[in-house]
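The values are calculated or read from the model by the stated rules, or taken from the named source; none is laboratory data. In this text, all values refer to a predicted model and were calculated from it rather than measured experimentally. No Cβ is skipped: glycine too gets one built from the backbone with ideal geometry, and neighbour counts run over all protein chains shown. Side chains included, ligands, DNA and RNA excluded: accessible areas come from the protein's heavy atoms. Shrake-Rupley method; radii C 1.70, N 1.55, O 1.52, S 1.80 Å.
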Amino acid sequence: MAEKQTADELQLEALGHKGELKRTFSPLAMLGLAFAILNSWTALSASLSLALPSGGSTSVVWGLITAGICNLCLAASLAEFLSAYPTAGGQYHWVAVISWKRWVPLLSWITGWINTSGWIALVASGGLLGSQLIVGVISLYSPDYSPQRWHQFLIYIGYNAAAFTINAFMNSMLPYVNKAAITWSILGFVVICITVLGCASPNYASGEFVFRQFINETGWPDGIAWLLGLLQGGLGLTGYDAVAHMIEEIPNAAIEGPKIMIYCVAIGTFTGFVFLVVLLFVSGGDTEAIISSTAGPLLQILYNATQSKAGAVCLLMFPLICLLFATTSIMTTSSRMTYAFARDGGLPYSRFFAKVHHKLGLPFNSLCLTTILVIIFGCIFLGSSSAFNAIISASVVALGVSYAIPVAINCLQGRRKLPPRAFVLPSWFGWFANLLGIAYVIITTVLFVFPPELPVTGSNMNYCIVAFAIIIIISTIQWWVDGRKNFTGPRTDMGLEVLDAVKSQQNPLDLEDPKLVNEQSGGHRL
């Protein structure tokens, strides 16, 4: 282990950074963190209201399959970068390495701002979904209850306060928290599936309803409506670049990181598909009643299956706690991303946010920045639910764009910019995965700024484009004030020491043969 850690540190130093964070995460713990962030079956079931009015069951089931395939292609594309450059900077560092020299600072700066903003905003999603589920429980028991925004706000603050406490004062316990997260998530998946199938038997919905029912309540043409429903799958499968931003805290990073990135998306797609199909079979087959329920689609389906309010709420405890794990893991990743970008001088007061607290062993200032901004986002919700939802949507748009930028730049240069590495896609599949991933990001980015229904009013307008524009405007102003003078991007020259580090990491897997790490050979080895 000491040899592997030395190789990791040599590789990181060759990329221009000193390893200040301890490599305490095992591959299982890192997979737990990544899967806790995706938490696909939880996120997909909690966001059924996105897809059911926009295509019905066909959008829920086949939209997830479509999003899963496209995100697997994106994850595989990013895994190549992660294997070559295992640094917490992730996308903005990779952009700096492969871009045209003249444009390195600007493109790296833009990518870093988009990615950092996306992660900070994504922290809000766990608390928001958790607060909606809890308000749904109250509505189930008290149909006359009229939820107020400040009710959800307090629950939202509770989720984020708990996540901050765990991150700040239990840093050494995070690997165990993440292992507990994946264990709890898989346990909840199995328990809920078995329970609802058993309770609903034999009164299942028909296969026609589950796999072929199409409805359109959006006012958009049917094709557009179905594509809008695709956003549910995109929401449930985003955030897998967390592995990159935490990569400096696992041993044997260049080999283990790419595997974890792909595995978490594959597991998320599989569990999400099975769970959604089970929910639709036990739902009772009345889509209109599910959509209009004040308890929310997920809790209403659980109640329809169990015919017991207490039973439905008990089952809901699994996704509620999963969302707490997710909020904690997203906050961890967001603080590391902020720390990494500040370390390269990308933020105002970068030296302050790039500090690692010696006693706590984490970038505490970056963690505080993330938490403060998330609380501010919550205050926005008190004034406008549309504005807050726009922040959530903008986070997914921002992450998607940050995934596509390095992949697109590499494609424009013939996929020849990455050095020898442990994980290499076959040439033909590399092109296919890259181009499909880019096309998916372009389509979903456009769709996320569409109003969810017609006619468009001030209350149902999608303000995502406004939130995303604010990110671009702030980063542009900061670029002209400070960035163009002082920001040169991360180190991009690869010396002999990084090649030695790669070789020493590859030896345990018998990858000394340069043919196995030559992209032109069309082979890869995990």
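Only Cα pairs under 8 Å and 6+ residues apart enter the sum, and on that basis the relative contact order of the chain stands at 32 percent.
The Cα atoms of the range 350-455 define a convex hull whose projected area, averaged across directions, is 11.3 nm². With 0.36 nm allotted per residue and the present C-alpha distance subtracted, the residue 149-residue 217 stretch has 21.9 nm of extension available. Ordered from highest to lowest accessible area with the whole protein assembly present and a 1.4 Å probe, 165, 218, 445 read as 165, 445, 218. Couplings for the range 173-183, taken from phi via the Karplus curve 6.51 cos²θ - 1.76 cosθ + 1.60 with θ = phi - 60°, read 8, 4, x, 6, 4, 6, 5, 5, 4, 5, 5 Hz in order; Gly and Pro are left as x.
Pairs of Lys residues in the chain are counted when their Cα atoms are under 23 angstrom apart and they lie 8 or more places apart or on different chains; the count is 24.
How high is the FRET efficiency between residue 157 and residue 470 when r is their beta carbon distance and R₀ equals 25 Å, given to the nearest 0.05? Using R0 = 25 Å, I get an efficiency of 0.65.
What translational diffusion coefficient, to the nearest whole µm²/s, does the chain have by Stokes-Einstein, given a Kirkwood radius computed over alpha-carbon pairs, a temperature of 25 °C and 0.890 mPa s viscosity? Diffusion coefficient, whole number: 105 µm²/s.
Under a 5 Å amide H cut-off, with hydrogens placed 1.01 Å from N, residue 362 pairs with 357 among residues at least 5 apart or on other chains. Accessible area of residue 208 (1.4 Å probe, protein heavy atoms only, ligands and nucleic acids ignored): about 110 Å². Each part gets one Cα centre, and for the range 192-234 versus the range 381-453 those centres are 26 Å apart. Each 5 Å bin from zero up to the one holding the largest Cα-Cα distance in the range 254-366 carries the following percent of pairs: 2, 10, 12, 14, 13, 11, 9, 9, 9, 8, 4, 0. In the chain, the calculated helix contribution to ellipticity at 222 nm averages -23000 deg cm²/dmol per residue, counting -39,500 (n - 2.57) for every DSSP H run with n ≥ 4.
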